[in-house]
Amino acid sequence: MDDQRATRRADAVDTTFDLVERAKTGDSEALNDLFARYLPSLRRWASGRLPRWTRDLMDTDDLVQETVVRAVKRMDRFESRHEGALQAYLRQAIVNRIRDEVRRAKRAPIAEALDDNAADAGASPLEDAIGAEALQRYEDALGRLRPEEREAIVARVEMDGSYQDVARALGKPSADAARMAVSRALLRLAQEMTREQI
């Protein structure tokens, strides 16, 4: 009986649905087949989506593999409702992981060597006060924008990303689409900052 099942498996290519169902029962062969089927395409899809400034010890391939391994460990909770469901689930897991990496990189301090003989190039107390007030208005206005608007402004203005980088970060189809998104977001930011002064 087991020989017949093995022969039938070798003759027919299992659907993703079948592999997921077998993987849920602990079938390591099915897990390996899922990895072989999805890792290459997920790596290609994720290539360039992790901003360069967030990469330290982890590159995109590592991030994809780690995310897929985590997702597979939770496979028993996954419901495969249609043939493309697993790929959509894995892509969303990767997007969430990239967002986590971006947040982590923003919180990490930048290692920089200090020169003990450097002159103080700091601003005067008045410049600090004026700058701090303008920065606070900017931060408050930025906080009132929609998440995609905030991401567009941060990627373009604060991170000095190209429009192509912004397009990748926001999932836009082209640099022109990213340019339009950034323009609209900056207009909304200006309106929010002006509204705060009134």
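The values are calculated or read from the model by the stated rules, or taken from the named source; none is laboratory data. No experiment lies behind these values; they were computed from the predicted model shown. In this analysis, Cβ positions are derived from the backbone assuming ideal geometry, glycine residues included, and neighbour counts consider all displayed protein chains.
Filtering segment 13-46 to residues that are surrounded by fewer than 16 Cβ atoms within 10 Å (Cβ to Cβ), free of Cβ contacts under 8 Å to residues at least 24 places away in the same chain, of a type in the set (A, V, I, L, M, F, W, C) and not in a loop (DSSP other than H, G, I, E, B) leaves only A36.
Of all residues in segment 158-186, those that are in contact (Cβ under 8 Å) with a residue 60 or more places away in the chain and under 16 Å from V102 (Cβ atoms) have Cβ atoms under 7 Å from Cβ atoms of residues that are charged (D, E, K, R) and outside any helix (DSSP H, G or I), 6 or more apart or on another chain, in R168/R49.
Take V64 and tell me if it is part of a helix (DSSP H, G or I), at pLDDT below 75 and either surrounded by fewer than 10 Cβ atoms within 10 Å (Cβ to Cβ) or not assigned by TED's automatic domain parsing to the domain that holds E151 (or both).
Values: part of a helix (DSSP H, G or I): yes; at pLDDT below 75: no; either surrounded by fewer than 10 Cβ atoms within 10 Å (Cβ to Cβ) or not assigned by TED's automatic domain parsing to the domain that holds E151 (or both): yes.
No: the conditions fail for V64.
Counting the residues of segment 158-198 that are among the hydrophobic types (A, V, I, L, M, F, W, C) and closer than 22 Å to V95 by Cα gives 11.
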